[in-house]
Each structure stands twice: as structure tokens, then as C-alpha cells.
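The values are calculated or read from the model by the stated rules, or taken from the named source; none is laboratory data. Note that the coordinates shown come from a computational prediction; the quantities given were computed from them, not determined experimentally. Ideal geometry is used to build each Cβ from the backbone, glycine not excepted, and the neighbour counts take in all protein chains shown. For the accessible areas, the whole protein counts, side chains as well, though only heavy atoms, and no ligand, DNA or RNA atoms are used. Shrake-Rupley method; radii C 1.70, N 1.55, O 1.52, S 1.80 Å.
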Amino acid sequence: MASQVAACVVDTAEASSSGREHATLDREAFKQILNLVALRVPARQCADMMKAFRGFTLDRPRLKCIVNDGDPPRKDTKLLLLEEGVTLESLTLELRGRVEADKLEVQTHQVTLEYSMLSADAVLKKLLPEGVDAPSSFETIGHIAHLNLRDEQLPYRHLIAQVLLDKNPHLKTIVNKVGSIENEFRVFNMEVIGGEQRLETEVTQHGARFKLDFSQVYWNSRLESEHLRLVGTMERGQVLVDMMAGIGPFAVPAAQKGLTVYANDLNPRSTHYLAVNVRLNRLGDGVRVFNMDGRAFLRLLCDTPSGPAADIRRQKQQQGQQPAEEPKQQQEPEPVSAGIAVPQAAAGAAAAAAAGTTAAAEGAAASPAVGQPAKRQRTKERVFEAQGPVPPVPESFTPPVGGIMFDHVVMNLPASAIEFLDAFNGAFDPVAWADRPLPTVHCYTFKRANETEADIVAKAEGYLGGPMEAGACVVHTVRDVAPNKLMLCLSFRVPKAVAFNSRS
């Protein structure tokens, strides 16, 4: 406890009133001299001796249990260091017999233990008062560490952040989640509790690069394996509709695999970084970026009578534009129009039809040509990011009569995606889809402890407005997100009775 007081002084009265602690991390206070028992062993038998005395040898991070013997070091012998507190008498009878039989000399050896040699957990255990545990884990997003500190840890948050920065050189910024997620964009409030005030970062997942501002968009590094799993079920040449695409964790790897992707998000900052990531991964002709309400987006692609498709076609005809043909499967997709300014009339029609659509704020601009030299490409990326908002609908996109034909739909908004299943009811043209299978939906949702998988499937059917085919829904458990709360992925083909409801 004395070292704890010397290393960290916290004014708890000030912490409770202002929410900030006045703490000093005295790294010199962690310096400690260990007086250890050492056995002089033949240099050629070090490995054998370490194995024989396992469990009694020095076991500390960044410290070795075999050290040189003397200064200058002797060539024929080494010192085997025993753990602090271990004496010759505390060894087993068998080991004491070996010491005598091999005529191993016993001596004392001093080791200086410093702050740099201790793990973050070991430091925090010394610093934090009794009853306050060190954070057991944190999420890493590029150079940012994301913590969810408990109430009792909050008065020491800046101290915790400083230790994490010291012990993890790749980290530059430490943030703590403040409050719960309550906004429609699923972005939480956060406080920078240590390091740089720099929240734009870059993450790499399975060869794909993702740029993002962690304070403006949703990102969860723990879902990396799920992104890989689901994209692995898709095939080159297929068409993916990503209704809640975020910054592209499904859209980008799917396009890299050779799928044509229509990606949408309601958050204008998400579509900004989605367009940036399309450019960053040189996928401009594989992904089309939309900034709409999810329901309106699906009905646009399907050319649903109640959707905005007919209005957009009418506006383009009035402007004398020729409707663009739908990209065919197995062919190269059309160039991305992520940042091209949509004609005002067409943009207005899409926005008016998209209930709940947020007007696109700052976004990404049109993707320059692919394949330029790396240095020039990076310069272009900076210009690309600064050019303007992503429009609700790309200028070059005109929905064909009967809608786009697609194979998969991803709905990655676990808190509410299941409610958007009502958009599929009556959305599809029975003539256009007569000779091809309806798409497979991958809908993410949560399951509470008092619910069964059957309950979740029934809930999905309730929002769909009709039953799924018997045994057609595959329920995949993604991860535990909280005590008594699981994240699931429901994968099923859109039922014909739902898809063509009220359509002749």
C-alpha cells in the first residue's frame, strides 16, 4: 500500500465534484530490488535445469530466469534465479537432493524491477485502491483504445489511460464510452481520457482498409470474424444489397470478392467514409453508395410502386437523360458514383420518398480513376474526401423497370434491423422475379435470456407479415454482447407470399 500511495495520489473529493482526478503517476516509485536465491548451473545444462525447477524459477514479464554469472561473465556457468520468496528449504525433497548431487552452488542475486518491466495489469493493481479492479479488456480501433469503465473506475480514468498508453506503444488515444446508444445512427458519446484528441483512424481487416472517425460512425472490431464468415457464404458474380452498410465492413470485402454491391446507410458520415473506403480499396466500380432510409432504399432497388424509383425515372426523362441499364451478373459492375452531385430534382424525389431520410451532410466525392501511382493516388484521396456530400441516390443510377436483381441482403443493425423486414412485404415484381430465386436475407438481431430462437424467428415473421418456409431459417449465434444477451444472424430466403403480396 505504501508504494501505491507513493505512485498515485488521488483527490477523491475533487474527483467526486468535478468528475476528474488529480493523479500523479510516479514511475520511479515502482522501482524495486529483488533479493533472489540463485543456483550456479553448468551452461550446457540450462534447459534441463529450467525444466527440472519449473514452478520455482523467476517468472516475471521481461525478466529471464537464466542470467550471466559474474561480471565479466563466466563462460562455463550461468545463474538460475528462483522466484522471490523461494528458498532452498522450500524446494521439494527431490530438488534439494539434486542440488546436493550435482553440487550446485547457492548464492544470492539482486534484480532491479522497474516500471517498464511491469504489465499494465500489474501496475494498475498497485495503483488502484482495494475494490477497484483494473480494466480486464478493451477494444482496439487503429490507434484508439475503447474502454467501458465502471462507475468505481471513473475517478481513476485518466490514470488508467496513461498506464495503457505507456504499456501499448501502438495506442495514441484512449476513449471511454459515456452513456448508452440512443440516437438513430447507433453512435455513442465518448470522452477522450488520455493521449491525442485524434479520433479519425484506419483499420485493416483481412486485407481490406477502413478509414473512419470513431466518434461519428459505428464500428465494432469484435465482429471481424463475422464479416469474414458471412461474405464467405457469397459467390463471385452475385449481387449484394447492404441496407445498413455503415462504413463498409460487409460491402468492401464482398466487392473485393467479385460481387456487385449496392450499399446504403442513413448516417451521412457513414456514407462519407463508405465512399472513402471504396476509393481506398480501389473498388470504385464494384460498389454504389446510397444515403437513404433503409426501407426506401430497398423499395427503390425493387422498383416497388410505393417507392421512389418511378419518380427518379420520370425526373431523368424530363431532363433528357437515358436510363442506365442494370449491371448484369458475371459482368464488371458500373463505376461508383459515391460523390457525384445528383440533379436537384432527382435528389429531391428520392429524399421525399425516403421516410426518415436525413439530408446528407458532409460526405465523399466522386472516385477518381483507379490504378494511378500510389503517391498521386494518396493526394487524390485527400481531395476526394473534401469534395462534398454523398447524395441520396447516385446520379448515374436509374432503377430499371421491375427493379434490380440481387442475391443477398445484409441488415446489420441488430438493435432494430428486424423491424425493417416489413419493407420486403409486397416489394418485389412477380414478373421480373418469375424465373429466378428470391434473395437470401441476413438479418442481425439480439436475443434476451428469456427468449428462444423460435421466439426470434416468430418475431421476424411478424415484421415480414407472413411465415417463412418450414425449416428455411438458419439461426447463427454471433457473440455474447452482454450478460443474458446474444447477437444472432437470421438467414432465410424471402418467402414468395411475402415478396409478391398484393402484387399482380
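Couple of notes before you dig in:
- Solvent-accessible area, 1.4 Å probe, carbon plus sulfur percent, for region 180-240: 43
- MET117 contributes an accessible area of around 40 Å² to the protein surface, as traced by a 1.4 Å probe with all chains present.
- Net length gained if the chain between ARG436 and ALA470 were fully extended (0.36 nm per residue, minus Cα distance): 10.2 nm
- Projected label distance in nm at LYS172 and GLN107, using a 7 Å step from Cα toward the beta-carbon: 4.9
- Out-of-range pairs (alpha-carbon distance over 20 Å; input LYS64/LYS103; LYS459/LYS485; LYS31/LYS78; LYS172/LYS211; LYS125/LYS485; LYS31/LYS167): LYS64/LYS103; LYS31/LYS78; LYS125/LYS485
- DSSP-assigned coil residues among trypsin sites (Lys or Arg not before Pro) in region 141-214, each with at most 12 further Cβ atoms within 10 Å: ARG150
- Stretchable slack from ARG503 to LEU34, in nm (0.36 nm times residue separation minus alpha-carbon distance): 160.7 nm
- ASN189 long-range amide H proximity, modeled H, under 5 Å: VAL178
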